[in-house]
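Here is the structure we will look at.
Since every read-out is calculated from the coordinates, none of them should be taken as a lab result. What you see is a predicted model; the values in this text were computed from it and never measured. FYI the Cβ positions are ideal-geometry reconstructions off the backbone, even for glycines, and counts take in every protein chain you see.
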Amino acid sequence: MDEQRKLILDQFTRQAVPFAEMHARDDATIHRLLIETARIGPEDEVLDVACGPGLVACEVAKVARHVTGVDLTRAMIEQAEARQGSLGLTNLTWAVGDAQPLAFPDAAFSRVITRYTFHHFTDPVGVFAEMVRVCRPGGRVTVCDVFSTSAEQGEAYDRLERYRDPSHTRALQLAELEALFSGLGDVRREFYRYPVTVEDLLARAFPEPGGADAFRRTVDADVGVNRLGIDASREGGLRFAFPIVILSGVK
């Protein structure tokens, strides 16, 4: 197992419960926007790549025929199974597995989605190729993730995130994410901001020693500057908002 997979397993085994609790409070409009952008309907067989605790997969299962969720971390899959049970959903299947390669045959799904994951991959281009491979012709591939707008901003943002989460690799620039979809048709784009407070975020994180303080200092120094592109503010406590894009295209 390579070093990045070890970091992901370490971070997200420990984060499984707090991550699930944090995102369980997500506004329903966020899920709806992803589902609508991906054009998911009652006939769709959906794969959720790096599904985490199943928050997106369970919402998608309310409108799709069937959803399969795959994640590298067993603790996340256990959270997903618990969430499915609490919601009484029967049209979900879970698997512990890697995003690259995906352990599914070609053209197995009509929709392939992933959320908040690409900044953890060392080879996002390879993961995207796998998502396209397992999607049926005429189906949709959808990626939802944080993004940067320049190399300088991206480098500064990545330093910030690694203070909090050592498994963070790199937030792709918007142009890089869009380039992934250049071979697909009918590409759709939606944007939103995901607001958080610094202390709430750090309470659910497992940074290296000194990482939490460095994270606070860096966010605070960006108030009124916005070099990081996160709209940092001290109103009601130190806070900011992740810039998120949803991109979806037809194979």
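A few remarks follow.
- Extension gain, Arg193-Asp106: 0.36 nm per intervening residue step, less the Cα-Cα distance, totals 27.9 nm.
- Extension gain, Arg217-Ala95: 0.36 nm per intervening residue step, less the Cα-Cα distance, totals 40.0 nm.
- For segment 195-218 and segment 14-67, distance of Cα centres in Å: 26 Å
- Net charge of the neighbourhood of His168, taken over other residues with C-beta under 10 Å away and scored Lys/Arg +1, Asp/Glu -1, is +1.
- Volume of the Cα convex hull of segment 108-250, divided per residue and given in Å³: 110 Å³
- Angle between the chain longest axis and helix 3-23 axis [Cα atoms, degrees, rounded to 10]: 90 degrees
- Radius of gyration and Dmax over the Cα atoms of segment 49-119, both given in Å: 11.4, 32
- Crossing angle, helix 151-164 versus the chain [Cα axis fit, 0-90 degrees, rounded to tens]: 90 degrees
- Sparse-neighbour loop sites [GluC sites (Glu not before Pro); segment 1-49; at most 16 other C-beta within 10 Å; DSSP]: Glu43
- Normalised alpha carbon radius of gyration of segment 63-187 [divisor 2.2 N^0.38 Å]: 1.15
- Estimated translational D of the chain in µm²/s (Stokes, Kirkwood radius over Cα pairs; 4 °C; 1.567 mPa s): 70 µm²/s
- For the listed peptides 168-179, 114-125, 221-232, a ranking on the average number of other beta carbons within 10 Å per residue, highest first, reads 114-125, 168-179, 221-232.
- Relative contact order [Cα under 8 Å, 6+ residues apart], the chain, whole percent: 19 percent
- Most tightly packed first, judged by the mean number of other beta-carbon atoms within 10 Å of their residues, the peptides 67-79, 151-163 read 67-79, 151-163.
- Computed [θ] at 222 nm, deg cm²/dmol, the chain (DSSP H ≥ 4; -39,500 (n - 2.57); rounded to nearest 500): -12000 deg cm²/dmol
- Hydrodynamic radius by Kirkwood, which averages 1/r over all alpha carbon pairs of segment 129-211, in angstrom: 15.2 Å
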